[in-house]
Amino acid sequence: MPARLPSWAWVTGLTVGAIAAVTVLAVQADRGPQPTATSAKPTTSASAQPTPTAPAPARVPDGSGTGRRIVYSLGEKRVWLVDASEATRRTFTVWPGTVSPDPGTYTVSSRNEATTGSDGVQIEHIIYFAAKSGVSVAFSNAVDGASPPPADSGAKTGGVRMRKADGTALWAFGTVGTTVTVVR
């Protein structure tokens, strides 16, 4: 006769199985199609709160160039990831540091997986694309997933912060040499 497992073993087994299933679903969702600005639909839920990835303007800003590129609007504090067919693959809001690049066209010059920001926050997915007044300007996200702007310590900071999921998407899209167009 086979030995019976104690009830805690069944609960543990079910918990491990549930965690594995949720992890698989999360990875599949992350790798699936990303919403675009034109397909984002506002929710009718009374509890819905605006988020940094809420529906955005349908069009990439005028004067942002053509082809595959990252578009960063200083005025809208928003980034668009635009593919070679001119389709917006993702758009999201960002929180700029105290130093912003001048409008113009740049290229991703280097990338760094992780470091400590000039404000002392652990950051990842750092994508450098400009410099101004001796300050490097780069996109990044906080490792802990925090989404507020970089702390205003009075220091000149060139970090353009975003939510963790947006940082991951930008990291995959913004390889060295990718065009970055900055518009007002």
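The values are calculated or read from the model by the stated rules, or taken from the named source; none is laboratory data. The structure displayed is predicted, hence computed values, not measured ones. Neighbour counts run over all protein chains shown; Cβ positions are idealised from the backbone, glycine included. Please note that ligands, DNA and RNA were not included when accessible areas were found on the heavy atoms of the full protein model with its side chains. Shrake-Rupley method; radii C 1.70, N 1.55, O 1.52, S 1.80 Å.
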Starting from the 7 Å offset along Cα-to-Cβ, what nm value, one decimal, do you get for the label separation of residue 109 and residue 62? 3.2 nm
Coil-residue GluC sites (Glu not before Pro) of the range 70-138, DSSP, other Cβ within 10 Å capped at 13: 86
In the range 61-83, whose amide N lies under 17 Å from the spot 7 Å out along Cα-to-Cβ of residue 95? List them in ranges. 76-79
Give me the one-decimal nm value for the distance between modelled label points at residue 164 and residue 133, 7 Å along each residue's Cα-to-Cβ direction. 3.2 nm
Using all C-alpha to C-alpha distances in the range 87-177, build P(r) with 10 Å bins and read off the rounded percent in each one. 18, 54, 26, 2
Computed over the range 58-183, protein heavy atoms only, probe 1.4 angstrom, the accessible area per residue in square angstrom equals 44 Å²
Counting DSSP beta bridges with both ends in the range 55-184, the antiparallel % (nearest 5): 75 percent
